[in-house]
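Have a look at the structure below before the remarks.
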Amino acid sequence: MSLRIGKRSFAPPAWAVGVTVLGLAVFVSLGYWQLGRAQQKQALLDAFMSGSEDTVDATGLGFEALPRYQRIRLRGAYDASRQILLDNMPSAAGRPGYRVLTPLERADGQGWVLVDRGWVPLGASRDVLPDVAVDAGERELSGTLDELPIPGVRVGPAAAPGDTSWPRVLLFPTEPDVESALGVGVESRIILLDANLPDGFERKWRPALGFGPERHLGYAVQWFAFALVAIVLFVALNLKRAGPAEDSPES
């Protein structure tokens with residue numbers, strides 16, 4: 001490919017064209033991917049905010065019929081003897097600790113659900129578990145539906161082999177992991193206990209985003225900027241002043 005632009009010629013070699021086209025494809029694809037991630041996280045934020053506006057009486061309802069982040073109320077009784085500590089769960093300020101999941105037997109006969117009663121800090125060592133005792137009597141509670149936390153990469157089993165103690169420490173358990181530990185079936189979603197209710201710990205609930213959509217937008221701008229820089233460099237490095245032979249007319 002060769003073009004004449006005034007007293008300059010634009011004749012990039014084939015390898016430069018190929019490298020530039022490949023780079024542009026990568027940069028633009030990554031930019032649009034980051035835009036998609038921003039939209040997904042904004043949708044989660046919107047769902048979290050809209051779900052907290054109205055409270056649904058969940059008596060007799062399966063949670064699968066309700067959207068994620070729906071705020072609900074229901075009656076039930078805690079099983080204080082078999083509680084789960086979700087390991088590797090930071091506080092809102094980033095401190096290490098656990099989130100406390102307490103099984104609740106629903107008063108409407110619909111089985112068991114896990115209630116997330118909030119975050120507690122690590123003790124002096126992992127051998128000293130926090131005190132998460134709670135009254136086992138029946139109560140009415142309210143909270144927001146959510147899903148069990150999932151890791152970026154799952155490594156190893158959720159529970160230490162042979163651990164039969166309670167409260168049971170689990171690392172990013174799945175629903176089958178929880179059911180195996182408790183010996184009963186549970187709802188696929190958990191309840192994030194409202195912050196104004198008793199019998200809980202630190203509860204500064206927010207969607208599990210990692211980081212917000214604005215950072216993804218920033219990354220998208222960076223990738224699109226890389227694409228623009230690649231075009232500018234491609235043109236600048238291959239647009240050269242024509243030589244004497246090219247300047248003089250043909251005889």
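Sort out the exposed loop GluC sites (Glu not before Pro) in the chain (DSSP loop, at most 15 other Cβ within 10 Å) and tell me the longest stretch that has none.
That gives 148-249 as the longest site-free run.
Quick one: check the C-alpha center-to-center distance for the range 96-144 versus the range 147-187, whole angstrom.
That distance is 14 Å.
Given [x] 25.5, 91; [y] 28.5, 105; [z] 20.1, 61, which label gives Rg and Dmax of the Cα atoms in Å as computed from the coordinates?
The listed entry that was calculated here is [y].
Using amide H atoms built in the peptide plane, which far-off residues or other-chain residues are under 5 Å from Arg168 H to H?
Under 5 Å from the amide H of Arg168 lie the amide H atoms of Gln83, Ile84, Leu85, each far enough along the sequence or on another chain.
What distance in nm separates the two pseudo spin-label positions at Asp131 and Ala77, each 7 Å out from Cα along the beta-carbon direction?
My value for the distance between the label points is 2.5 nm.
With the contact rule set at Cα under 8 Å and sequence spacing of 6 or more, what percent relative contact order holds for the chain?
27 percent.
State the extension gain, in nm to one decimal, for the chain segment bounded by Ala225 and Ser29, taking 0.36 nm per residue of separation less the distance between their alpha-carbons.
Length gained between Ala225 and Ser29: 69.3 nm.
Hey, what do the phi angles of the range 31-48 turn into as Karplus ³J(HN,Hα) couplings, whole Hz, using 6.51/-1.76/1.60 and θ = phi - 60°, x for Gly and Pro?
Each residue's phi maps through the Karplus curve to give x, 5, 5, 5, 4, x, 5, 4, 5, 4, 6, 5, 5, 5, 4, 5, 5, 5 Hz.
What FRET efficiency do you get for Leu233 and Gln39 if R0 is 45 Å and r is their Cβ-Cβ distance, rounded to the nearest 0.05?
Calculated value: 0.90.
Mind giving me the FRET efficiency for Asp108 and Arg154? R0 is 41 Å, r the Cβ-Cβ distance, nearest 0.05 is fine.
With R0 = 41 Å, the Cβ-Cβ based efficiency is 0.75.
Bear in mind that the values in this text are calculations on the coordinates, not laboratory data. Quantities reported herein were computed from a predicted structural model and do not represent experimental measurements. Here Cβ is always computed from backbone atoms with ideal geometry, including for glycine, and neighbour counts include all displayed protein chains.
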